[in-house]
Amino acid sequence: MEETYNPLENVQSHDWNKERLEQLKKLMPDLFTNDGQLNVNELKKVVDPNLVTETERYEFRWFGKSKAKREAFTPTNATLVYDESRSVNPTESENLIIEGENLAVLKLLSNSYREKVKCIYIDPPYNTGQDFVYSDNFAQDRKAYWEDSGVTEEGVKIDTNTETDGRYHSNWLNMMYSRLLVARQLLREDGVIFISIDDNEVHHLRKLCDEVFGADNFVSNIIWEKKFAPSNDAKWFSANHDHIICYSKNKEIYRPILLDRSIEAKLRYKNLDQDERGDWVSGDMTVKTYNPQYDFPITTPSGRTVNPPKGVCWRYSKEKFQELIEDKRVWFGEDGDNVPRLKRFLSEVKDGVTPLTIWYHKDVGHNQEAAQECRKLFNGAQYFDTPKPVRLLKRIIELSVKSGDIVMDFFSGSGTAGQAIMELNAKDFGNRKFILIQIPEMIGQSSDAFKDGYKRISDITIYRNKRVIDKINEDNKESDFKKKEELPFEMVAEAQETYMKKKNLGFKVFKLQKSNFPRVEFAPDPDKTNEENVELLQKYIRDKESQLVTAFNRDDLMTEILIKNGFTLNYKVTKQEHFKKNELFLATDGEKETLICLDISIDLETVEQFKKQANEQQKHKFICLERALDTTKKWNLKHYLGDKFNAF
Ligand SMILES: C[S@@+](CC[C@H](N)C(=O)[O-])C[C@H]1O[C@@H](n2cnc3c(N)ncnc32)[C@H](O)[C@@H]1O
């Protein structure tokens, strides 16, 4: 092994304590925390358990856990702004690609998308010692995220979590904990989350998810065969699998969608005896749990007597066996001379195949396939190193969502999930929707991607999905739908028409940005009196509000206000022409509706128009700027509209 030369070694005194701790760790690893620190309480317990009075309940603890929980539930000072120039077919689609740090974005969506997402897939940093693990102090303490610095300084990732960091595992757990806590709120009651991970953190992730989702909601630890050949330079074992941890929001309600029976599986069903119930396969009629009552001779149609092999018995009682024979459900072979087997009809088996927990690369792809798929969309260039195969994402999606459902990936990388969804929709004319979130992580300046104009990973997410849309459109032009789908012709024509009408082939891009509303950063001056501080605060608010009124972009502010009021990002606005003195819009997202006006002054005539509605049952909500009203107008609107009126 290569020795690292430490020039200070002979000058510094030897750290005996460190060495003794290392020895203790080797002898008694259970006395050390997940982060490798000595747990003094555990040591005391070795000497005398009575020295420690802590409650002995089983619990998963790490450094910073309570802070991470607090962080998850602290409101964010950010908003989302629509980026039309980078969106593709935005009016046709409800898909979203959001460029931003995922915790802040999740918090923003947690109002409008609460319990709306059917499936979350994430492929977070695996914490291998080299990857970027976002620290939530970042937004406050480090170089400003907002100021376009991305998360690198001179091309160096400043949030790389290295193994030498004393809080290596805690850092990762804190990052994951807060995000999963918020993400859980977005899942529908019948929703499900799949998390890709490898052996570095799988054990911690299971415990973390037990805590966030409840151990009872654990569904499966799926093993995905990610490689097909060993890495010969591996020191111990060459890992060729990843884990995909699956938890449901509520296991009592959640059920996976059965997988379509493969053509091969269907071909195994035949109708050897022209049975009117159709094709069947035959299965064994014996069981190993021996019961003497079920051990009896059977006479075959050819007249031969057959007994179950020694130590096993029939699966059915004598009477049941007779019933099955009479119902022509027992197969004795073409000549009626074979050991009896039970006929299982294709028409009677479950609609699909129950998913297994080992996923082989021949069925769902491997890492190399994923890299190739991504390269193919970028003219052969390798712009993104760790994509997942599209087939893997398709398997997860097919198991979890139906047309109309939302899938979310908040560590979306190159955006494979978007490709999988759009390709599945194109194949079965479905309308599954996606929300991808990707931080604008800077790409190394020496990389090909950077040289070719992709400065941030989110640029790759967006461009990859744009290319997928181009490709689907090209393919659809060339092929007729009939060839691609084995559906009856009339169904194809109808489905094709619906699909073309609302094919959801596109996406809107939103970016995380500082809120349009001034954050209350006011800190009272301890050298001033209370009255003086109140006066200073009032002045501060006045100044900030006038900044808001003069500096805002109307559309951005409208998005922010609507998100805060629980509207999804696919809201539409229509100008209300019957309001002559102010510009009022009706905003709707299909579920919620409100009138909104961002003019800097609300005219008396507008207020009067609301008076007419005062006694109507079906009043619209109305939102406007606080600054746009004097006290009388505000009082009147409150009087006419009650809690349907909201001034920001
Ligand atoms: C392993 S990659 C995901 C790859 C993806 N499954 C694919 O197929 O392309 C993880 C991604 O999460 C992003 N990421 C890490 N921390 C993030 C954060 N706090 N917010 C948003 N994205 C983040 C990284 O920039 C990286 O692109």
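The values are calculated or read from the model by the stated rules, or taken from the named source; none is laboratory data. Keep in mind it's a predicted model, so treat the numbers as computed, not measured. Cβ sites come from the backbone with ideal geometry, for glycine too, and all protein chains shown count toward neighbours.
Name every residue in the stretch 213-228 that is crowded, with 21+ Cβ neighbours inside 10 Å and in a strand (DSSP E or B), in order of residue number.
ILE222, TRP224
Matching residues to (1) buried (at least 21 other Cβ atoms within 10 Å of the Cβ); (2) at pLDDT 90 or above; (3) in contact with a helix residue (DSSP H, G or I) (Cβ under 9 Å, 6 or more places away or on another chain):
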position: ASP475; (1), (2), (3): no, no, yes
position: SER479; (1), (2), (3): no, no, no
position: GLU485; (1), (2), (3): no, no, yes
position: LYS503; (1), (2), (3): yes, no, yes
position: LYS514; (1), (2), (3): no, no, yes
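Looking for whichever is buried (at least 21 other Cβ atoms within 10 Å of the Cβ) and in the same structural domain as SER403 (by TED's automatic domain parsing) here; the options are ASN89, ASN111, ASN77, ASN102. Which one fits?
Numbers: ASN89 fails: buried (at least 21 other Cβ atoms within 10 Å of the Cβ); ASN111 fails: buried (at least 21 other Cβ atoms within 10 Å of the Cβ); ASN77 fails: buried (at least 21 other Cβ atoms within 10 Å of the Cβ).
After ruling out the rest, the residue left standing is ASN102.
In the stretch 411-447, what count of residues is obtained for those that are touching a Phe, Trp or Tyr at 6+ places or on another chain (Cβ under 7 Å) and in a helix (DSSP H, G or I)?
Number satisfying all stated conditions: 3.
What residue, of ASP242, ASP210, is on the phi < 0 side of the Ramachandran plot and in a strand (DSSP E or B)? Steps first, answer last, please.
On the way: ASP210 fails: in a strand (DSSP E or B).
Only one candidate qualifies: ASP242.
Can you give me the number of residues within the stretch 370-410 that are closer than 30 Å to SER112 by Cβ, of a type in the set (S, T, N, Q) and assigned to a loop (DSSP other than H, G, I, E, B)? Even if it seems obvious, please write down each step before you answer.
Step one: of the stretch 370-410, the residues closer than 30 Å to SER112 by Cβ are 384, 387-388, 390, 392-410.
Narrowing further to those that are of a type in the set (S, T, N, Q): 400, 403.
After this cut, where a residue has to be assigned to a loop (DSSP other than H, G, I, E, B) as well, the list is 403.
Looking only at that region, the number is 1.
Quick one: how many residues across the stretch 181-238 are without any contact (Cβ under 8 Å) to a residue 40 or more places away in the chain and of a type outside the set (Val, Ile, Thr)?
Count: 19.
Test of understanding: among GLY430, GLY415, which residue is within 12 Å of the ligand (Cβ to nearest atom), in contact with a helix residue (DSSP H, G or I) (Cβ under 9 Å, 6 or more places away or on another chain) and farther than 21 Å from TYR247 by Cα?
Details: GLY430 fails: within 12 Å of the ligand (Cβ to nearest atom).
Only one candidate qualifies: GLY415.
So how many residues does the stretch 326-343 have that are assigned to a strand (DSSP E or B) and either of a type in the set (A, V, I, L, M) or loosely packed, with under 15 Cβ neighbours inside 10 Å (or both)?
Of the stretch 326-343, the ones assigned to a strand (DSSP E or B) are 330-331, 341-343.
Checking the rest, the ones that are also either of a type in the set (A, V, I, L, M) or loosely packed, with under 15 Cβ neighbours inside 10 Å (or both) come to 330, 342.
Here the count works out to 2.
Scan the stretch 350-363 residue by residue and report those that are assigned to a loop (DSSP other than H, G, I, E, B) and in contact (Cβ under 8 Å) with a residue 12 or more places away in the chain.
If we filter the stretch 350-363 for residues that are assigned to a loop (DSSP other than H, G, I, E, B), which is where we start, we get 350-351, 354-357, 360.
Of everything in the stretch 350-363, those that are assigned to a loop (DSSP other than H, G, I, E, B) and in contact (Cβ under 8 Å) with a residue 12 or more places away in the chain turn out to be LYS350, ASP351, THR354, PRO355, THR357, TYR360.
Within the stretch 185-200, can you find the residues that are surrounded by 21 or more Cβ atoms within 10 Å (Cβ to Cβ) and not in a strand (DSSP E or B)?
LEU186
Name the pairs whose Cβ atoms lie under 9 Å apart, with the first residue in the stretch 564-585 and over 13 Å from GLU605 (Cβ atoms), the second surrounded by fewer than 16 Cβ atoms within 10 Å (Cβ to Cβ) and of a type in the set (Gly, Ala, Ser), and 6 or more positions between them or separate chains?
Every condition considered, the pairs that remain are THR568/GLY590; ASN570/GLY590; TYR571/GLY590; LYS572/GLY590.
Among the residues of the stretch 361-375, are any away from the ligand (no atom under 16 Å from the Cβ) and touching a Phe, Trp or Tyr at 6+ places or on another chain (Cβ under 7 Å)?
First pass over the stretch 361-375, keeping only residues away from the ligand (no atom under 16 Å from the Cβ): 362-363.
Applying the additional criterion that residues be touching a Phe, Trp or Tyr at 6+ places or on another chain (Cβ under 7 Å) yields none.
Among the residues of the stretch 361-375, not one is away from the ligand (no atom under 16 Å from the Cβ) and touching a Phe, Trp or Tyr at 6+ places or on another chain (Cβ under 7 Å), which makes the answer no.
Scan (1) within 13 Å of the ligand (Cβ to nearest atom); (2) over 20 Å from the mean Cα position of the chain (by Cα); (3) of a type outside the set (Asp, Glu) for the single condition ILE421 breaks and write down its number.
Tallying (1) within 13 Å of the ligand (Cβ to nearest atom); (2) over 20 Å from the mean Cα position of the chain (by Cα); (3) of a type outside the set (Asp, Glu), ILE421 fails exactly one: (2).
Return the pairs, sorted by first residue and then second, in which the second residue is aromatic (Phe, Trp, Tyr), the first residue lies in the stretch 69-98 and is touching a residue at least 60 places away in the same chain (Cβ under 8 Å), the beta carbons are less than 6 Å apart, and the residues are 6+ apart or on different chains.
LEU80/PHE510; TYR82/PHE510; VAL88/PHE507; SER93/PHE507; ASN95/PHE434; ASN95/PHE507; ILE97/PHE507; ILE98/PHE510
From the set of residues in the stretch 379-407 that are acidic (Asp, Glu) and away from the ligand (no atom under 12 Å from the Cβ), which is nearest to the chain's Cα centre (by Cα)?
We begin by selecting, within the stretch 379-407, every residue acidic (Asp, Glu); these are 385, 398, 405.
Of the ones still in play, those that are also away from the ligand (no atom under 12 Å from the Cβ) are 398, 405.
On the way: GLU398: 15, ASP405: 13 Å.
It comes out as ASP405.
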